[in-house]
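A quick write-up on the structure given underneath.
The values are calculated or read from the model by the stated rules, or taken from the named source; none is laboratory data. This is a predicted model, so every value here is computed, not measured. Cβ placement follows ideal geometry from the backbone for every residue including glycine, while neighbour counts extend to all protein chains displayed. Note: areas computed on protein heavy atoms with side chains; ligands, DNA, RNA excluded. Shrake-Rupley method; radii C 1.70, N 1.55, O 1.52, S 1.80 Å.
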Amino acid sequence: MAIEIGNIPAFDQTPSKGLGLALPFKSSATSGSDSVFKINYTSADQVKFNMINWFLTNKGERMFNPNFGGNLSSFLFEQSGPLVLENIKKSIEDDIGLVFPMVNLKEVMVTQNPDGYSINIKVFYSVFSSVDQFIELNISL
């Protein structure tokens with residue numbers, strides 16, 4: 001029986017090369033440092049911040065890439081209930097597979113807060129067969 005070894009992206013083999021900026025944009029400049037912003041050095045960290053950016057963007061907002069975005073604002077004026085939560089979950093599961101092919105989606109949980117004015121979204125995933133990670137968002141409706 002063959003043993004499957006996970007793919008290691010070429011960028012992760014030289015962690016001294018920055019792949020992108022981390023969110024939120026905070027200045028981490030210290031004396032003698034060339035960097036003004038916090039930089040991601042692994043592809044797993046960069047994918048996490050790309051997914052956060054994807055959730056915060058609506059479709060049509062990005063120039064030359066009109067299909068990019070989680071489009072969560074389209075659910076803003078829907079009647080709250082289990083059907084809407086299921087639609088949000090299905091939309092996230094379908095779109096993440098298309099936009100982020102390197103992400104192995106484990107679970108998406110969409111729950112409504114008891115106050116009824118916000119929802120919590122938790123996305124559990126792994127990138128390139130790495131350690132499991134998750135993103136948690138609290139969105140006010």
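Pull up segment 39-71, narrow it to residues that are of a type in the set (Lys, Arg) and in a loop (DSSP other than H, G, I, E, B), then point me to the one that is nearest to VAL110 (Cα to Cα).
LYS59
Which ones in segment 72-100 are in a loop (DSSP other than H, G, I, E, B) and either at pLDDT 90 or above or of a type in the set (Ser, Thr, Tyr) (or both)?
Across segment 72-100, the qualifying residues are SER80, PHE100.
Kindly indicate whether SER126 is of a type in the set (Gly, Ala, Ser), under 20 Å from GLY20 (Cα atoms) and touching a helix residue (DSSP H, G or I) at 6+ places or on another chain (Cβ under 6 Å).
It is false that SER126 is of a type in the set (Gly, Ala, Ser), under 20 Å from GLY20 (Cα atoms) and touching a helix residue (DSSP H, G or I) at 6+ places or on another chain (Cβ under 6 Å).
Identify all residues within segment 35-60 that are more than 20 Å from LEU137 (Cα to Cα) and either among the small types (Gly, Ala, Ser) or surrounded by 14 or more Cβ atoms within 10 Å (Cβ to Cβ) (or both); write none if there are none.
If the condition is that a residue be more than 20 Å from LEU137 (Cα to Cα) and either among the small types (Gly, Ala, Ser) or surrounded by 14 or more Cβ atoms within 10 Å (Cβ to Cβ) (or both), then SER35, PHE37, LYS38, ILE39, ASN40, TYR41, THR42, SER43, GLY60 are the ones that fit.
Scan segment 116-137 for residues that are open to solvent by 90 Å² or more (accessible area, probe 1.4 Å) and charged (D, E, K, R) and report the count.
2
Residues are listed down the side, and each one gets a yes or a no for (1) more than 19 Å from GLN46 (Cβ to Cβ); (2) free of Cβ contacts under 8 Å to residues at least 12 places away in the same chain:
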residue: ARG62; (1), (2): no, yes
residue: VAL84; (1), (2): yes, yes
residue: LYS89; (1), (2): yes, no
residue: VAL103; (1), (2): no, no
residue: VAL123; (1), (2): no, no
residue: SER126; (1), (2): no, no
residue: SER130; (1), (2): no, no
residue: PHE134; (1), (2): no, no
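When the residues of segment 76-98 are filtered to those that are open to solvent by 50 Å² or more (accessible area, probe 1.4 Å) and of a type in the set (Asp, Glu), which remaining residue is farthest from ILE139 (Cα to Cα)?
ASP94
Hey, MET63 hits all of (1) closer than 19 Å to ILE119 by Cα; (2) open to solvent by 80 Å² or more (accessible area, probe 1.4 Å) but one; which does it fall short on?
(1)
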